[in-house]
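Heads up: the structure comes next, in structure tokens.
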Amino acid sequence: MVSRLEQWVKPMAVVGANQYTFHLEATNYPGALIKDIRENGMKVGLAIKWGITVEYLAPWANQIGMVLVMTVEPGFGGQKFIEDMMPKIHWLRTQFPSLDIEVNGGVGVNMIVSGSVLATMKEFFFCILNLLISWFYKKRKESPEVQALFS
């Protein structure tokens, strides 16, 4: 997590970022930050830690494209998955079915997040290959182009 989130919006857009995700509790002005991110041509993602109620982000849900549910304490790789986060994921999916939900902690919902697994994997190539195969397997059900790769 960084401080002074507002100062990083323009530089991130300039270097080509297409999404800017931030922790709601890291700013006093989430509405203004969301507006700035969108005006700079990026999608908005909101992250919530395990101690933040999921309803806290509900007022912003129609202005964002993704929610990152932290299933571990941010900044400390290799932690165990916090199962108490599953009801938050369920609530988000039922309340906002078109919202992308991202989950860290070694579990993906409909976006893959990978942190410590890449740093601790002895065979980096096989780790990346495993992630890609998982993604292709999911996509082959949705995309004729990807289906062709598996036939």
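Computed from backbone phi, the HN-Hα couplings of the range 85-100 come to 7, 4, x, 5, 5, 4, 4, 4, 5, 6, 7, 9, x, 8, 6, 5 Hz, rounded to whole numbers (Karplus: 6.51 cos²θ - 1.76 cosθ + 1.60, θ = phi - 60°; Gly and Pro given as x).
Near the amide H of residue 68, within less than 5 Å, lie the amide hydrogens of 46, 47, 48, 102, all on another chain or at least 5 residues away, with H placed in the peptide plane. Taking 50, 91, 8 and ordering them by how much accessible surface each has at a 1.4 Å probe, largest first, produces 50, 8, 91. Karplus-derived 3J(HN,Hα) values for the range 31-39, using 6.51 cos²θ - 1.76 cosθ + 1.60 with θ = phi - 60°, are x, 5, 5, 4, 4, 4, 4, 5, 5 Hz; glycine and proline are entered as x. Between residue 21 and 45, the built amide H atoms are under 5 Å apart, and every one of these is 5 or more places off in sequence or on another chain.
Sorting 2, 15 by solvent-accessible area of protein heavy atoms yields 15, 2, largest first, with a 1.4 Å probe.
For the range 19-64, the square roots of the Cα gyration tensor eigenvalues, ordered a ≥ b ≥ c, give a/c of at least 1.5 with a/b greater than b/c, which places it in the prolate category.
The values are calculated or read from the model by the stated rules, or taken from the named source; none is laboratory data. None of the values given here were measured: they were computed from a predicted structure. Surface accessibility is based on the protein's heavy atoms, side chains included, excluding ligands, DNA and RNA. Shrake-Rupley method; radii C 1.70, N 1.55, O 1.52, S 1.80 Å.
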